[in-house]
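The values are calculated or read from the model by the stated rules, or taken from the named source; none is laboratory data. Predicted, not measured: the structure shown is a model, and the values here were computed from it. Here the Cβ is made from the backbone with ideal geometry for all residues, glycine too, and neighbour counts use every protein chain on show. Side chains are part of the model used for accessible areas, which takes the heavy atoms of the whole protein and leaves out ligands, DNA and RNA. Shrake-Rupley method; radii C 1.70, N 1.55, O 1.52, S 1.80 Å.
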Amino acid sequence: AGEAVICSEIANTLEEDADSVALSERQLEILGYVAKGLNNREIAELLHVSRDSIKAHLKIIFVKLGVTSRSEATAFAVNRNMVKV
């Protein structure tokens, strides 16, 4: 019937948590490249940084988003309009 299956208080808290994910501009840029299917080497070349730098950024992004893979991070970001594919 389109009614909420959890109380509105919990739904609001979950929504606020999802909206509170704050990534830096650089992290969003890297996540955008990940969403487009680029690998670490390709992203590093585009941004003129080392692959280790990209790996470090991705680890932080994964923690902030609460994900464990590139595909999960991409799905999270696309579903919340954080990046455009």
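General remarks:
- Within region 71-85, tally of residues that are under 13 Å from GLY37 (Cβ atoms) and out of contact with any helix residue (DSSP H, G or I) (no Cβ under 7 Å at 6 or more places or on another chain): 1
- Looking at the chain, the helices (runs of 4 or more DSSP H) lying wholly inside it that each contain 3 or more residues that are of a type outside the set (Gly, Ala, Ser), at pLDDT 95 or above and open to solvent by 80 Å² or more (accessible area, probe 1.4 Å) sit at 40-47, 51-65.
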